[in-house]
Amino acid sequence: MRTTVIIYLFIFSLLYSFNSFSQTHLIDSLKKELATQQADTSKIRTLLHLSDAYRFSYPDSALAYAQQALSISEKIQDDGATFWSIVTINSALYVLGNYALELEYAFKALPLGKKLNTPYTIGFSNGMLSDCYYNLGEYHTSLQYWREVVKISENELPGERFRIYANSSRMFEAIHQYDSALIYAKKGYSLFEQDASFNQENDGTKFDRSNIYISLGDAYTGKANYDSALFFYRKSIPLSTAIDLSLNNMDAYSGIAKVYKERNGLDSAIWFAQKAVAEKITKTYPVGLLKIVKLLADIYKTRNIADSTLKYLLMASEIKDSLFSREKTIAFQTILFREQQKKKEVETATLKLQNEYRSYFSIALVVILLVVAAIVIRNRRIKQLQKMRNTIADDLHDDIGSTLSSISIMNELAKAKSPEALSLLTSIGESTTTIQENMSDIVWTIKAGNDRFENVTQRMNQFAEEILDSKNIELDFTVDAPQSAAKLTMEQRKNFYLFFKEVINNTAKHSGAGKVSVCITQKDQYVNMSIRDDGKGFDTSMHFNGNGMSSLKKRAAELNAQFNITSKVNSGTIVQLRFKIT
């Protein structure tokens, strides 16, 4: 089959246009050029030119030049040159009939073609494998690879569709789908007629015409339209002869012989079959030769010529044995290649998974570092704020405290010297004392060391004892806070303490109580406080909107707290507060 020939001419029609010189002149010119070149891409290109020029006349020389190109390509680590060198080697191996080695190189080219990832490299990779399987009679496997070539040409290489369709016809003809074979042959011919190269008289166009005419001939033979088949076979022969394409002549003569056999023109069938056998390419084209030998055996069997029938049957058997040996080699190589592919896929998947794990680990590490950095920065800021708060508290205590103390001392001296201003100076003294107490509360509130809930309740207990004891009021102060390490914010601590202080001051001044009970509990992030006295109580409807109540409401609002006062005349008073620790 001429799949590889189609593929390789396609390559060199792309890479190196056909020359107007004679073939001998071209080869001489290339050899002179090769003698002066260094081992680089220019030399590789010249070697591939030479291989192409020798391919059909001296395939051994073609193989040698292509292998030189491959050696240089691999040495300079040029993937593109390596790939096209393999393609050129395979074209020579095809003509030599060494399909086993051709398949080995095709397997080598496939991953390289995928790596280069161009329409041409992927297309040629699949095309070479399709060719090898076709030559071994594995037509369905061949067609699977060829469908990839068709898909690529239709999507990305529309200018090559006529060649691809012509070869597709051969695929369907091999599996006896003659309708599809004829459809693709006609599609290829129609597209070729529309191509600008159709009417050009050069080797490339002659090659394309020859191939399409043979594809049409085979397709019409499959449909038993023998007149059309003979017409196209005969049109291909002068074109193939003009470019010394013995392989195409062999296929054309074989096709004509088959047509005459089907028409019972056995003499003509033998004559054209013998012409096919006489073509110089026959020895290196075992698949084509097997087809002709089988045809001759059938013809002589029909004529009852036993000797000739036996002769060609023996020849067919020898060719089959040769191909069978190759089939076993190729089957082994195919299994080996698939195992390598599976191993490579597993390695790729494992590497991908490892990379994903590395990525996840890196992301997690970055997140952890960011969190740690945020915590460190936050703690540093907290320490800075605490230091600032302590500094402010110390400054307030030292500067304002000492100033108020001086005022208090001077107030006492003034009292001794000016009895007539005693009431005014007493008022000044009381105001100074009040300011000192308030300043002490503010200093205590902003001190960083007083953040714990336990610190707040201790100060509240101390304050209540001092105030109520001076009024001979009994104090029952209880705290139920299992999470004593809990902390209040500075705002919460201030408002909670000042709320308590306001209630205790009011109770000491106005309640007339003999006993005050304070109960503070902390549970589930909530603080509950109840302050109960047994004093005279009051009518809440009359006094609830007074100045003292306004202060309590303000503190409760700043705490986002629930606040309630229950009181009756002669029944004491209960003040309740509930807020959440934030």
Using 0.36 nm per residue of separation minus the Cα-Cα distance, give me the extension gain between I375 and K223 in nm, one decimal. 46.4 nm
Roughly what % of Cα-Cα distances in region 113-154 sit above 18 Å, to the whole percent? 23
Once you put a point 7 Å from the Cα of S29 and another 7 Å from the Cα of Q194, both along the Cβ direction, what distance in nm separates them? 3.4
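Determine one quarter of the surface area of the Cα convex hull of region 223-285, which equals its mean projected area, and express it in nm² to one decimal. If you can, show how the numbers build up before the last one.
Working: hull surface 16.6 nm².
Its Cα hull, projected and averaged over all orientations, spans 4.1 nm².
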Can you give the log10 of the normalised intensity I(q)/I(0) at q = 0.14, 0.21, 0.23 Å⁻¹, computed with Debye over equal Cα scatterers of region 33-153? -0.57, -1.15, -1.28
At a Förster distance of 22 Å, what's the computed FRET efficiency of S571 paired with S541, Cβ-Cβ distance as r, to 0.05? 0.90
Along each principal axis of its Cα atoms, how long is region 158-227 end to end? Whole angstroms, biggest number first, please. 33, 26, 16
Distant-in-sequence amide H partners of E279 (H built 1.01 Å from N, under 5 Å): none
What number, in nm² with one decimal, is the all-direction average of the projected area of the convex hull of the alpha-carbon atoms of region 462-582? 7.1
Cβ-Cβ FRET estimate between T118 and T489, R0 fixed at 45 Å, reported to 0.05: 0.10
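Please label the shape of region 122-266 as rounded, prolate or oblate, based on the square roots a ≥ b ≥ c of the eigenvalues of the alpha-carbon gyration tensor (a/c under 1.5 means rounded; beyond that, a/b larger than b/c means prolate, else oblate).
Values: a/c = 1.67, a/b = 1.20, b/c = 1.39.
Cα axes put region 122-266 in the oblate bin.
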Using 0.36 nm per residue, how much length does the chain from V366 to R147 gain when fully extended, once their Cα-Cα distance is taken away? 74.1 nm
Give a residue-ordered list of calculated ³J(HN,Hα) values for region 233-241 (Karplus: 6.51 cos²θ - 1.76 cosθ + 1.60, θ = phi - 60°; whole Hz; x for Gly, Pro). 4, 5, 5, 7, 4, x, 5, 5, 5
Length-normalised contact order of region 86-157, Cα under 8 Å, at least 6 apart, in percent, tallies to 27
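Given 0.36 nm per residue, what is the gain on full extension from E558 to N155 after removing their alpha carbon distance, in nm?
Working: separation 403, 0.36 × 403 = 145.08 nm, distance 7.25 nm.
137.8 nm is the gain from fully extending E558 to N155.
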If you average the C-alpha positions of region 106-179 and of region 548-582 separately, how far apart do those two centres end up, in angstrom? 89
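Read the figures in this text as sums done on the coordinates, not as results from a lab. Predicted model only: the values in this text are computed from it and were never measured. As a convention, Cβ positions derive from the backbone with ideal geometry for all residues, glycine included, and neighbour counts pool all protein chains shown.
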